[in-house]
Structure formats: C-alpha cells, structure tokens
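Asks: My questions will all concern the structure given below.
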Amino acid sequence: MAKKETPDPFKEFMQMFDPANLSKAFDPMAMMEKFGVSTGNVDPQDTIQKAKGQFDAMAKANEAAAQSYRDLMEKQMKIFQDLTTEAVAQAKSGTPQDVSANYQQAVKRALEIMTEMSEAARSANDQAYDAIMDQVDAAMKELKS
C-alpha cells in the first residue's frame, strides 16, 4: 500500500519567498508608481541594466533567505516528529493514562523548542535588518547631498 502524501500546510506561505514572486515585488516601475515618483526622464530599462548585478544579488539573497526559512520549518517538523515518535515508542509499555500524559508532554516540549527556534531566527533577522538600515540611512544622506 502506497504511503499517502500529507499536505504541506506551509506550502502557500513559502510561495511568498519564491524568487519569481519576490521579483514582482521589486519591479522598478511598480515601485516608482507606488511611491508616487514621476519617472520623467528616467529610463527604467537603462536603470535596470545598470543595476542588474545588484538586482541579481538581491534575488540570490532572497532565495537564500527563503531556503533558510524552509530549512527552519523542516527542522521544526523533525523535532516534533522525533519527540512524538519517541513518546509513542515508550507508550507501548505504559498504561493508557501514562501514554496520554507522555504524548502530551512530548508535544508540549516539541512546541516549546520549535518556538525557541523561531524566536532565535526572528531575533537574528531583526539584527540583520537593523544593521542594513544603517546602510540605507547612509545611502539616503548621500543622495541628499
């Protein structure tokens, strides 16, 4: 009997990090319109060509970030599976009350560990963002001078 594939509850969420979807968010013309910037004499194609290396680097960085989030979720699922599988294995020799209590404890601990991982990732992301914002501020000052 073939093993039934379980649906991935995070698939739709992870599509947000797909490079094709991310590139739509960074369309220069759409960005200019969104921010109310008149293109005037600016040739968007010329701008894109001149900044192609930076756009490519950004796309690669975004793909790496997306892969990092996919990896985090895979590790979280492994933690959950490992702890609950161990609780089930130990349950074979216990009373029904012990089985239920052990399984509940395994689920609780797995979720605690998974939350700790998420918080650590969020903290690292916040620190990286803060560091980059210093560069954005410096770039803004350069543009104004």
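The values are calculated or read from the model by the stated rules, or taken from the named source; none is laboratory data. Treat the numbers as computed from the prediction; the structure is a model and nothing was measured. Methodologically, a virtual Cβ is constructed for each residue, glycine included, from the backbone with ideal geometry; neighbour enumeration extends over all protein chains shown.
Asks: Taking the condition loosely packed, with under 15 Cβ neighbours inside 10 Å, out of contact with any Asp or Glu (no Cβ under 8 Å at 6 or more places or on another chain) and either among the aliphatic types (A, V, I, L, M) or closer than 22 Å to ASP18 by Cβ (or both), does ASP71 pass?
Replies: Spelling it out, ASP71 is indeed loosely packed, with under 15 Cβ neighbours inside 10 Å, out of contact with any Asp or Glu (no Cβ under 8 Å at 6 or more places or on another chain) and either among the aliphatic types (A, V, I, L, M) or closer than 22 Å to ASP18 by Cβ (or both).
Asks: Are there any pairs, at least 6 apart or on different chains, whose C-beta atoms fall under 8 Å, with the first in region 47-73 and in contact (Cβ under 8 Å) with a residue 24 or more places away in the chain and the second of a type in the set (D, E, K, R), and if so, which?
Replies: Qualifying pairs under 8 Å: ALA66/ASP18.
Asks: Run ASN102 past the list (1) at pLDDT below 85; (2) surrounded by 12 or more Cβ atoms within 10 Å (Cβ to Cβ); (3) of a type outside the set (A, V, I, L, M, F, W, C) and report the number of the one that doesn't hold.
Replies: Here ASN102 meets the rest and fails (1).
Asks: Examine region 64-77 for a residue that is of a type in the set (Phe, Trp, Tyr), closer than 30 Å to TYR129 by Cα and at pLDDT below 75, and state whether such a residue exists. Give the steps one after another, and end with the answer.
Replies: First, pick out the residues of region 64-77 that are of a type in the set (Phe, Trp, Tyr): 69.
Filter once more, keeping what is closer than 30 Å to TYR129 by Cα: 69.
Pick out the ones that are also at pLDDT below 75 and you get none.
Among the residues of region 64-77, not one is of a type in the set (Phe, Trp, Tyr), closer than 30 Å to TYR129 by Cα and at pLDDT below 75, which makes the answer no.
Asks: Right, here's the next one. Among the residues of region 19-32, are any under 26 Å from TYR129 (Cβ atoms), hydrophobic (A, V, I, L, M, F, W, C) and modelled with pLDDT of 70 or more?
Replies: Within region 19-32, one or more residues are under 26 Å from TYR129 (Cβ atoms), hydrophobic (A, V, I, L, M, F, W, C) and modelled with pLDDT of 70 or more.
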